[in-house]
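J.: This is the structure I want to talk about, given as structure tokens.
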Amino acid sequence: MSRFTKYILFTFITSWAVMGISCRDLEQGSSAGRMSFSYGLMFSMFMPALGALIAGADIRGMGWRLNAGKNYKLILFAWLMPTVFTLTGAALYYAFFPDDFSPAEGFLRTMGEEGFEEFRENSSYAGYLLREIFYSLTSYFTFIGIISGLGEEIGWRGYLFPELESSYGRTKAVLMGGIIHGAWHFPLILLIGYEYGRDYFGAPFLGMPVFCIFTTSTGIISYWLYRRSESIWLPAIIHGTTNATVSTLIFRGGDHAERLIFGPGEVGLIGVIPMALFAAFIVWSEYKREEELTE
């Protein structure tokens, strides 16, 4: 059995087993079940790293120095751009579906009547958004997300993408790697409606290829950061800040659950457009640079 096969089998079998148990606990509807799901999901994020270790990957050589002095521009990009992608993607979604933009309904649904009345007396929608952006970039949970993201990135960007690149070339590698990364999430999408709920257009299967568009886009950007910085911490940072970025669902009305496959989150077909365009630009510019070097 090849090292690559060992990696894929171990990572998927163990992760899917943990996800299945966690989803079962979540379906119980109790606070204990929700907590079990959260811990299980976090635990599964370290399976790609363990899979890489079992496959014999050179963990030490993945670049453990942040090199902040040299990489500060890339660090700022990894820290801030997920918020930019999320907000611009949400703006596109609400431009396509303006009747879904209903902050009052979204805030009332989230906060309840008493909390919403208190909010309206003491704050504004813009103020709330600015605070949420600040918290999403600086909170303790963001740093926890970076550590959890590191567990995945050791496997995906540290081991999987370079292995695929050595066999298929860079462009095919990032496309194949993005699909593999997306497939890793399939049990969550099928069992609990992860990211899209259960009532979206094309449920429960359309969510799987759509989510692969998101993971392919993030994979291209993360691998680009990894190669440029030579530090595994850069993809971990953008992974963590992407997971922790401000949620734009609170500005959405409660109707049209079937549209969640389109957005407003960055995992939707419309919400992902800014990120996908940037990823496509990276692929194009890398191809042009390689073409110029071979001339």
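None of the figures in this text is laboratory data; all of them are computed from the coordinates on show. Keep in mind the model is a prediction, meaning the values are calculated, not measured. No Cβ is skipped: glycine too gets one built from the backbone with ideal geometry, and neighbour counts run over all protein chains shown.
J.: Starting at 0 and stepping by 10 Å, how many percent of the alpha carbon pairs of the range 71-220 end up in each bin?
T.: Binned Cα distances yield the sequence 9, 25, 37, 21, 6, 1, 0.
J.: What are the ³J(HN,Hα) values, in whole Hz, obtained from phi via the Karplus relation 6.51 cos²θ - 1.76 cosθ + 1.60 with θ = phi - 60°, for each residue of the range 54-68 in sequence order, with x given for Gly and Pro?
T.: 5, 6, x, 5, 7, 4, 5, x, 7, x, 9, 8, 6, 6, 4
J.: Let me ask something else about it. For Ser285 paired with Asn122, estimate the spin-label separation in nm (one decimal), with each label point 7 Å from Cα along the Cα-to-Cβ line.
T.: Using points 7 Å along Cα→Cβ, the separation is 4.4 nm.
J.: Between the range 115-150 and the range 172-249, how far is it from one alpha carbon centroid to the other, in angstrom?
T.: 22 Å
J.: Fewest Cβ neighbours within 10 Å first, please rank Met111, Met45 accordingly.
T.: Lowest to highest Cβ neighbour count: Met111, Met45.
J.: If each residue's Cβ is checked for other Cβ atoms within 10 Å, how do Thr171, Thr245, Thr138 rank with the fewest at the top?
T.: With the fewest neighbours first, Thr171, Thr245, Thr138 line up as Thr138, Thr171, Thr245.
J.: Using a 10 angstrom cutoff on alpha carbons, build the Gaussian network for the chain and name the most mobile of Glu163, Glu113, Glu258.
T.: Glu113
J.: Taking Cα atoms, how many degrees apart are the long axis of helix 170-183 and the longest axis of the chain, rounded to 10 and kept between 0 and 90?
T.: 50 degrees
J.: Pick from Phe201, Phe134, Phe262: which is most flexible by mean-square fluctuation in a GNM of the chain where alpha carbon atoms under 10 Å apart are linked?
T.: Phe134
J.: Further question on the same structure: For the pairs Lys73/Lys288; Lys6/Lys73; Lys70/Lys172, flag any whose C-alpha to C-alpha distance is greater than 25 Å.
T.: Among Lys73/Lys288; Lys6/Lys73; Lys70/Lys172, the Cα-Cα distance tops 25 Å for Lys6/Lys73; Lys70/Lys172.
J.: Read through the labelled values (i) 17.6, 50; (ii) 18.1, 67; (iii) 19.6, 68 and report the label of the one computed as Rg and Dmax of the Cα atoms in Å from the structure.
T.: Given (i) 17.6, 50; (ii) 18.1, 67; (iii) 19.6, 68, the calculated one carries the label (iii).
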